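Since every read-out is calculated from the coordinates, none of them should be taken as a lab result. What you are looking at is a predicted structure, and each value in this text was computed from that prediction instead of being measured. Note that each Cβ is placed from the backbone with ideal geometry, even for glycine, and that neighbours are counted across all protein chains shown.
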Amino acid sequence: MSLGHALRRIVEGYPLARLDPPAGHPLAHVIRRGAPDELRRALDPLGGPFLVKGSPGRGTHWAAVPWLAVFDPAVTTSATRGFYLVYLFPAHREAVHLSLAQGTVAAIREHGAQAGRHLRASGDRLRARLSDFADKLPVTEIGLGSVGELPEGYEAAHILGLSYDLDALGDERRLRTDLATGIAAYRALKARGGLDLTEA
């Protein structure tokens, strides 16, 4: 299995998988184990250290938006806070987004109903900080096709990235090149002050 194949399995399989309980489901295993293993292999040439996690949801519930994330432990080890690189799988179409994103749950806890507005405003300022990546990671807005605090938070938390349809997932070389670019942007944001906008 390649990274592209792992991503494609999630894109194609998730709508049907959600009709069954996640416990013991083969696709839940792909998201938690198989896809993270492929992503770790793709990250190996880029140095580290990176923590890779995949989430199909929690307990007896599938996530509205499953994800596969790369965390720099010096920044964060969780999708709830800090910033990280993540593949997000929208519910409404066969696609996947590669997103440099801000932690959503921490923003919701701190800003409540204004979290989306806060995340979008800080995303605008962070994009300015990463203007040298604008051509290579040109997608500045993503849609995830789900209503709810977390999916809408993920949309608002997006800084920059790329989107792929199913055909694009067959180009492993492109996926790995784009991943390297995403990691470079992640490292650049860390070196340029991260989410601290006091100097921006």
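For a quick check: with amide H placed at 1.01 Å from N, whose amide H comes under 5 Å from G82's, ignoring anything fewer than 5 positions away on the same chain?
G103
Please give the charge dipole size of the stretch 3-190, origin at the Cα centre, charges +1 on K and R Cβ atoms and -1 on D and E Cβ atoms. Round to the nearest 20 debye.
In debye, rounded to 20, the stretch 3-190 gives about 480.
Hydropathy first: keep DSSP H helices in the chain averaging at least 0.0 on Kyte-Doolittle, then drop any whose Cα extent along the axis falls short of 15 Å, and list what survives.
For the chain, where a helix must reach 15 Å along its axis and average at least 0.0, the hits are 3-17.
Have a look at the stretch 3-190 and give its Rg and Dmax from the Cα atoms, expressed in angstrom.
Looking at the stretch 3-190, its Cα Rg and Dmax stand at 15.4, 44 Å.
Note down the net charge around L150, summing +1 for each Lys or Arg and -1 for each Asp or Glu among other residues with Cβ under 15 Å from its Cβ.
Value of the local net charge: 0.
Excluding Y87 itself, calculate the net charge of residues whose Cβ lies under 12 Å from the Cβ of Y87, where each Lys or Arg counts +1 and each Asp or Glu counts -1.
0
Going by average Cβ density within 10 Å per residue, which order do the peptides 18-24, 160-166 take, highest to lowest? Walk me through the numbers before you get to the answer.
Working: 18-24: 12.7, 160-166: 19.4.
Result, highest mean first: 160-166, 18-24.
Count charges around R174 for me, please; just the other residues with Cβ under 14 Å from its Cβ, Lys/Arg as +1, Asp/Glu as -1.
Combined, the nearby Lys, Arg, Asp and Glu give -1.
For V11, V96, which order do you get if you count the other beta carbons within 10 Å of each Cβ and list the fewest first?
V11, V96
Which GluC sites (Glu not before Pro) does the stretch 39-144 hold that lie in a coil by DSSP with at most 16 other beta carbons within 10 Å?
Loop-located and lightly packed - E94, E141.
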